[in-house]
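Below is one structure, written out as structure tokens, with a few remarks after it.
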């Protein structure tokens with residue numbers, strides 16, 4: 001895991017800020033469904049409720065909260081020369097109004113780097129141009145999940161989500177998403 | 001009187017005769033006009049009657065791709081590129097140390113109508129591709145090889161063809177055809193009376209029909225109307241039609257129609273028509289790339305595709321090919337020396353027919369398209385269909401299934417029944433289905449188990465039960481649950497008492513342990529606590545279309561699903577909680593090059609990245625410590641994968657479903673008649689899955705952990721938290737929400753104060769670095 005290999009960086013002054021940021025973010029799920037977003041109520045380990053087989057309380061011992069992992073230094077996703085060339089091509093196609101071919105070109109790039117959030121954001125923007133805010137939103141959330149550790153990419157993901165919400169008239173949620181993007185931008 | 005009477009009679013007779021002749025003439029004229037109409041309509045119509053061509057995914061080449069020089073050569077050979085010393089024409093390559101120069105063919109893609117032929121230099125080491133340059137030495141960021149033609153969708157009556165334009169035909173072919181089949185083709189008017197007389201004379205001498213005097217035009221007509229009778233009436237009809245065609249169309253049009261029309265072989269229920277397809281069928285490469293000996297071989301086959309079948313009767317066809325070459329040299333079409341050199345060449349026919357290799361995959365493509373297209377559009381409109389099939393993955397899947405089932409045959413319970421299997425492989429993030437195997441007889445177009453075998457999913461349902469439990473916020477991977485006897489009163493009054501596979505009970509265990517060891521009783525307990533409606537709803541969200549009845553037995557996987565449905569469900573787990581409709585078809589392009597339909601990538605969030613990560617992390621432990629651990633012996637040492645085994649009650653079906661960073665594979669093994677196999681998912685399907693994954697050259701599962709989760713280590717048996725530094729083999733890593741309170745295991749690393757001090761120490765060390 002990435003935090004295992006956290007190299008010593010110039011993280012001293014930012015460290016506390018990062019922790020605070022993450023703590024606020026930890027509460028807000030990027031996902032709207034299902035309603036019972038996973039939070040971690042104290043005592044999650046000895047739940048109560050109806051059922052035929054109750055989860056067993058652990059043997060008595062001091063229960064301590066699992067701490068937040070030390071933050072890895074922020075990373076920054078980049079495009080490889082191959083995907084960069086495809087993104088350029090997609091931009092040219094989109095510029096000429098050829099959105100479907102642009103999307104097909106971005107899918108080529110995604111097959112090469114499926115875990116690069118920047119490509120999902122690009123594809124989400126094409127979906128916005130195609131007037132498909134639902135898919136733009138979903139791509140933004142996919143990008144966000146992949147962008148962990150890269151505040152820039154996270155901010156871009158939130159901006160895409162914000163735009164997709166605004167198009168659908170969900171202005172309050174859009175403003176919230178923009179706020180998250182803003183907070184992340186200052187972090188990097 | 002008598003004289004004038006006979007005169008009168010004679011006049012009447014002649015008038016009558018004239019009327020009859022005129023009448024016959026009018027009738028004959030109408031008949032000829034009718035035949036003329038019939039044959040010209042057929043000729044015009046045929047130009048556009050072409051089955052849809054189906055293509056695999058093209059291989060993308062770029063610096064950094066893990067493709068060695070040897071792998072690249074293998075991929076080029078799959079596309080029938082020839083290794084040469086000097087690059088001459090497209091479809092060849094040469095190897096110069098670590099550099100491979102490729103004369104790339106022109107190609108068409110789903111999103112690019114015509115990519116011209118070009119020369120590339122690819123430098124590749126064992127690690128992969130280092131650079132790709134064009135003929136001017138300019139770096140190319142990305143280039144793709146042309147997509148492999150994997151088959152076509154031909155009509156029920158079985159005529160398959162690839163239509164070629166005159167520019168795609170080697171000039172030798174029409175010359176050879178005219179020389180061998182119809183010497184006066186360019187001068188006669190559709191029929192050749194001298195040839196008919198010659199044939200008659202020879203046939204009379206031989207006492208049987210040895211030679212036909214048909215011109216190419218007559219053969220063309222014969223092929224259009226497929227009438228096997230050898231009657232005089234039919235011959236006359238054919239002759240009239242041939243003259244009619246000759247009058248309407250140029251010799252070049254007729255020659256080209258002939259080249260695209262004529263029957264050249266049989267492949268099961270598929271009839272190979274035209275030289276374009278015959279070239280692919282016998283040599284696996286485009287017609288334009290055939291050399292003299294190959295052209296001569298196809299011309300030899302024209303006379304009798306069954307009698308001169310190059311795969312069944314190589315000696316016969318060889319003798320006739322050499323005769324064709326001699327004739328060509330005699331008539332001065334080729335040099336004597338070239339003909340002699342060509343005679344020395346082997347037949348060069350591929351072992352298996354190219355195309356139609358992957359019947360289960362093509363079946364899936366056909367079903368996808370039938371939703372949007374009429375049968376006739378697919379078989380006649382000349383569509384080009386671009387799919388996601390990856391030939392390399394498909395080969396690995398076939399090989400893994402064939403080999404491991406052969407091994408299992410030796411241990412099976414029912415020697416008379418044939419153990420069967422199915423495999424589906426996807427790229428989880430794109431939802432591309434890259435390989436499908438529907439039977440251990442991989443080349444057989446029969447019952448497609450990947451799509452149609454609906455079997456109990458067994459323990460494959462468990463990850464979705466725990467995922468639903470995590471969503472309630474009341475469970476996590478370390479939650480201790482009771483694996484103890486359960487008795488559930490059913491609606492019909494009976495009592496359901498499920499058992500573990502081993503018929504033992506395991507007492508209190510953490511959830512990660514219950515999943516990894518696939519404990520039934522613990523899972524039923526959690527499932528009943530969470531509630532059947534919620535679990536059913538989760539399965540629906542992940543893409544299960546036929547939702548099961550909400551009976552407690554569903555918790556142990558009585559739900560019947562196909563391997564493809566399992567792939568859809570698990571794809572959501574492999575894709576971080578995003579559902580992506582699995583797709584085989586990327587695009588459909590019309591004969592004129594217009595994009596008709598695209599199947600764009602779609603994602604839908606169906607669970608939070610957090611709960612999916614927690615479950616996936618537990619599925620990693622299935623492979624490390626649980627029922628999937630045997631795969632470790634086969635997989636590369638550091639490859640991280642996650643998966644789950646499944647065995648339905650009484651061993652009827654066994655499953656394994658799992659994923660790496662770049663691939664998801666689902667394997668089913670069982671009997672068609674639903675006999676118990678005697679194997680579990682771990683002993684039956686797992687070895688196939690492991691061999692397949694090892695062969696794919698896949699990447700580790702390393703999804704980023706959501707920021708609201710933390711990794712922690714617990715004791716596998718008790719669920720108590722332990723310090724990572726505790727070198728106890730019984731500890732496992734899990735992901736839980738930050739702040740989850742977990743009791744510490746006394747003893748090793750149990751002192752939390754101590755661990756805080758240690759952490760602080762580490763932090764200070766980091767700062768000082």
Quiz prompt | Test set (1) in contact (Cβ under 8 Å) with a residue 60 or more places away in the chain; (2) within 14 Å of chain A (Cβ to nearest Cβ); (3) under 30 Å from residue B:454 (Cβ atoms); (4) surrounded by 19 or more Cβ atoms within 10 Å (Cβ to Cβ) - residue B:605 fails condition number | solution = (1)
Self-check item: Subset of the range A:122-146 (residues that are surrounded by fewer than 24 Cβ atoms within 10 Å (Cβ to Cβ) and either at the interface with chain B (Cβ under 8 Å from one of its Cβ atoms) or closer than 21 Å to residue B:705 by Cβ (or both))
Solution: A:135, A:138
Practice problem: Have a look at A:85, A:102 and point out the one that is within 10 Å of chain B (Cβ to nearest Cβ), crowded, with 21+ Cβ neighbours inside 10 Å and either under 19 Å from residue B:587 (Cβ atoms) or without any contact (Cβ under 8 Å) to a residue 24 or more places away in the chain (or both). | Solution: A:102
Quiz item: In this structure, does residue A:153 turn out to be within 19 Å of the chain's Cα centre (by Cα), more than 10 Å from chain B (Cβ to nearest Cβ), more than 25 Å from residue B:432 (Cβ to Cβ) and not in a loop (DSSP other than H, G, I, E, B)?
Solution: no
Quiz item: Taking the range B:39-62 as the search range and keeping residues that are within 26 Å of the chain's Cα centre (by Cα) and outside any loop (DSSP other than H, G, I, E, B), which one is farthest from residue A:104 (Cα to Cα)?
Solution: B:50
Self-check item: Matching entry among B:65, B:76 (being in a loop (DSSP other than H, G, I, E, B) and assigned by TED's automatic domain parsing to the domain that holds residue B:121)
Solution: B:65
Quiz prompt | Meets criteria (part of a strand (DSSP E or B) and free of Cβ contacts under 8 Å to residues at least 12 places away in the same chain) for residue B:86 | solution = no
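Condition test on residue B:654, is it away from chain A (no Cβ under 14 Å) and either within 30 Å of residue B:400 (Cα to Cα) or touching a residue at least 40 places away in the same chain (Cβ under 8 Å) (or both)?
When the stated conditions are applied, residue B:654 passes them.
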Practice problem: Within the range B:369-379, work out how many residues are surrounded by fewer than 21 Cβ atoms within 10 Å (Cβ to Cβ) and assigned to a helix (DSSP H, G or I). | Solution: 4
Quiz item: Before we move on, is residue B:520 more than 10 Å from chain A (Cβ to nearest Cβ) and either touching a residue at least 12 places away in the same chain (Cβ under 8 Å) or at negative phi (or both)?
Solution: yes
Exercise. Only one of these is under 30 Å from residue B:708 (Cβ atoms), more than 7 Å from chain B (Cβ to nearest Cβ) and modelled with pLDDT under 95: A:69, A:65, A:74. Name it.
Key: A:74
Practice problem: Kindly indicate the residue of the range B:550-580 that is modelled with pLDDT of 95 or more and part of a loop (DSSP other than H, G, I, E, B) and also nearest to the other protein chains (Cβ to nearest Cβ) among those meeting that condition. | Solution: B:576
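Residues that are under 17 Å from the mean Cα position of the chain (by Cα): list the strands (runs of 3 or more DSSP E) wholly contained in the range B:415-497 that include at least 2 such residues.
Counting at least 2 such residues, we get B:419-427, B:432-437.
The values are calculated or read from the model by the stated rules, or taken from the named source; none is laboratory data. The model shown is predicted, which means the values in this text are computed figures rather than measured ones. Glycine also receives a Cβ, built like all others from the backbone with ideal geometry; neighbour counts cover every protein chain displayed.
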